[in-house]
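Undergrad: I'd like to ask some things about the structure below.
The values are calculated or read from the model by the stated rules, or taken from the named source; none is laboratory data. Because the structure is predicted, anything quoted here is derived from the model rather than measured. Glycine also receives a Cβ, built like all others from the backbone with ideal geometry; neighbour counts cover every protein chain displayed. For the accessible areas, the whole protein counts, side chains as well, though only heavy atoms, and no ligand, DNA or RNA atoms are used. Shrake-Rupley method; radii C 1.70, N 1.55, O 1.52, S 1.80 Å.
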Amino acid sequence: MSDQIEKVFLNQRAIQRIRLLIHKRLGIHIKEGKESLLRQRLWKLIQSNEFKDLNEICDHIENEKDSGLLLRLATLISTNHTYFFREKSHFDYLQKHILPNVKMDSNKLRVWSAASSSGEEVYTLCMVLAESLGKDRFLEKVAILGTDISQRVLQKAEYGHYLKENMSQIPPNYRLNYVESVSKDTFCIKEELKKVCLFRRLNLNMPRYPFKQKFHIIFCRNVFIYFDMPTQESICNEFARHAAPDAWLFISQTETLRNLNVPWKYVTPGVYRKK
Ligand SMILES: C[S@@+](CC[C@H](N)C(=O)[O-])C[C@H]1O[C@@H](n2cnc3c(N)ncnc32)[C@H](O)[C@@H]1O
């Protein structure tokens, strides 16, 4: 990006304005001094030639002239990096300590991946649940919801096709049972697993989530880092409002709820239980 372009389009005051707007509307906190990635990503929006500068983008969002624009902004600035069996000890914990004790009554076991990105976390949950419960019980009793703010990653998740170079992230016994080859370079998740999954767009930074039924297990990993403490608190409180008694919450092992006033008690790194 040349200096001149930077002066015209991405000047410091405009960056500050958009930083505050992103915080207010998306709950995403971009630290001062960490704006270079933001600049690079916003540059793509400017290049589309729809807006003359960043202030015009802010005006559109503030005046709600274009509801799709906030969504595009969220897609541009969020990092969607994810992979199958990420933080594997969480899935081991689920298998050893949680699933053997879940009561399979008339209700479904409802699982939510609350920042699912392109679906790897949802399908890892599928594989682990199907393996532990047996395929028939899994198909009959489990419902998994994946939500994210980015429509682009949700489309990828729904499609369920991935590059073969990422297949080694899946342990061999799971690979055998739950995925199949599509082409030389790609594989897909088997249709029967996809049957229990639903993907929807949801901004975690909204005052009230719209669910009618309670969740038993919530995964919300590697997204809290983007939010400030009041936003993290309000998200955890909303999770609790939508969680069944004794429900489980998984965040990343690199994140913590330690300094937050929330109705979740610590169990083991990244794992919490509803108080
Ligand atoms: C780094 S990925 C984590 C994916 C997965 N949970 C994992 O741990 O591998 C973070 C995801 O959070 C999503 N995200 C960021 N802000 C969000 C928000 N306000 N509401 C919902 N999702 C959000 C991003 O779009 C991205 O897909």
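Undergrad: Just the residues that are at pLDDT 95 or above and open to solvent by 80 Å² or more (accessible area, probe 1.4 Å), please, taken from the stretch 152-162.
TA: Residues satisfying the conditions are Gln155, Lys156, Glu158, Tyr159.
Undergrad: Return the pairs, sorted by first residue and then second, in which the second residue is among the small types (Gly, Ala, Ser) and part of a helix (DSSP H, G or I), the first residue lies in the stretch 128-148 and is more than 19 Å from His90 (Cα to Cα) and within 16 Å of the ligand (Cβ to nearest atom), the beta carbons are less than 8 Å apart, and the residues are 6+ apart or on different chains.
TA: Partner pairs satisfying both residue conditions: Asp148/Ala157.
Undergrad: Name every residue in the stretch 212-253 that is near the ligand (Cβ under 10 Å from one of its atoms) and farther than 28 Å from Asn107 by Cβ, in order of residue number. If you could, list the steps in order and put the result at the bottom.
TA: First pass over the stretch 212-253, keeping only residues near the ligand (Cβ under 10 Å from one of its atoms): 219-227, 231, 235, 250-252.
Of everything in the stretch 212-253, those that are near the ligand (Cβ under 10 Å from one of its atoms) and farther than 28 Å from Asn107 by Cβ turn out to be Asn222, Phe224, Ile225, Tyr226, Phe227, Thr231, Ser252.
Undergrad: One residue is enough: does the stretch 15-29 have a residue meeting the conditions on the phi > 0 side of the Ramachandran plot and open to solvent by less than 20 Å² (accessible area, probe 1.4 Å)?
TA: So the first thing to find is which residues in the stretch 15-29 are on the phi > 0 side of the Ramachandran plot, and the list is 27.
Still in the running and open to solvent by less than 20 Å² (accessible area, probe 1.4 Å): 27.
The answer is yes, given that some residue of the stretch 15-29 is on the phi > 0 side of the Ramachandran plot and open to solvent by less than 20 Å² (accessible area, probe 1.4 Å).
Undergrad: Test Ser116 against the criterion of being within 16 Å of the ligand (Cβ to nearest atom), touching a residue at least 60 places away in the same chain (Cβ under 8 Å), of a type outside the set (D, E, K, R) and surrounded by fewer than 15 Cβ atoms within 10 Å (Cβ to Cβ), and give yes or no. Spell out how you get there, then give the answer.
TA: Details: within 16 Å of the ligand (Cβ to nearest atom): yes; touching a residue at least 60 places away in the same chain (Cβ under 8 Å): yes; of a type outside the set (D, E, K, R): yes; surrounded by fewer than 15 Cβ atoms within 10 Å (Cβ to Cβ): no.
No, not satisfied.
Undergrad: What are the residues in the stretch 61-92 that are in contact with a strand residue (DSSP E or B) (Cβ under 7 Å, 6 or more places away or on another chain) and open to solvent by 10 Å² or more (accessible area, probe 1.4 Å), if any? Can you show your working first?
TA: Taking the stretch 61-92 as the starting set, the residues that turn out to be in contact with a strand residue (DSSP E or B) (Cβ under 7 Å, 6 or more places away or on another chain) are 77, 90.
Once the filter is applied, which keeps residues that are in contact with a strand residue (DSSP E or B) (Cβ under 7 Å, 6 or more places away or on another chain) and open to solvent by 10 Å² or more (accessible area, probe 1.4 Å), the stretch 61-92 yields only Ile77.
Undergrad: Would it be correct to say that Gln95 is open to solvent by 10 Å² or more (accessible area, probe 1.4 Å) and either over 21 Å from Ser252 (Cβ atoms) or within 13 Å of the ligand (Cβ to nearest atom) (or both)?
TA: Details: open to solvent by 10 Å² or more (accessible area, probe 1.4 Å): yes; either over 21 Å from Ser252 (Cβ atoms) or within 13 Å of the ligand (Cβ to nearest atom) (or both): no.
When the stated conditions are applied, Gln95 does not pass them.
Undergrad: If you don't mind, another one. So which residues in the stretch 13-38 are more than 16 Å from the ligand (Cβ to nearest atom) and assigned to a helix (DSSP H, G or I)? Steps first, please.
TA: Residues of the stretch 13-38 more than 16 Å from the ligand (Cβ to nearest atom): 13-17, 32-33, 35-36.
Arg13, Ala14, Ile15, Gln16, Arg17, Ser36 - these are the residues of the stretch 13-38 that are more than 16 Å from the ligand (Cβ to nearest atom) and assigned to a helix (DSSP H, G or I).
Undergrad: Further question on the same structure: Could you check, for the stretch 262-271, whether at least one of its residues is more than 21 Å from Asp148 (Cβ to Cβ), hydroxyl-bearing (Ser, Thr, Tyr) and in contact (Cβ under 8 Å) with a residue 12 or more places away in the chain? So that I can check it myself, show each step before the final result.
TA: Restricting attention to the stretch 262-271, the residues satisfying the condition of being more than 21 Å from Asp148 (Cβ to Cβ) are 262-269, 271.
If we keep only those that are hydroxyl-bearing (Ser, Thr, Tyr) as well, we get 266, 268.
When the remaining residues are screened for being in contact (Cβ under 8 Å) with a residue 12 or more places away in the chain, the result is 268.
Scanning the stretch 262-271, I find at least one residue that is more than 21 Å from Asp148 (Cβ to Cβ), hydroxyl-bearing (Ser, Thr, Tyr) and in contact (Cβ under 8 Å) with a residue 12 or more places away in the chain, so the answer is yes.
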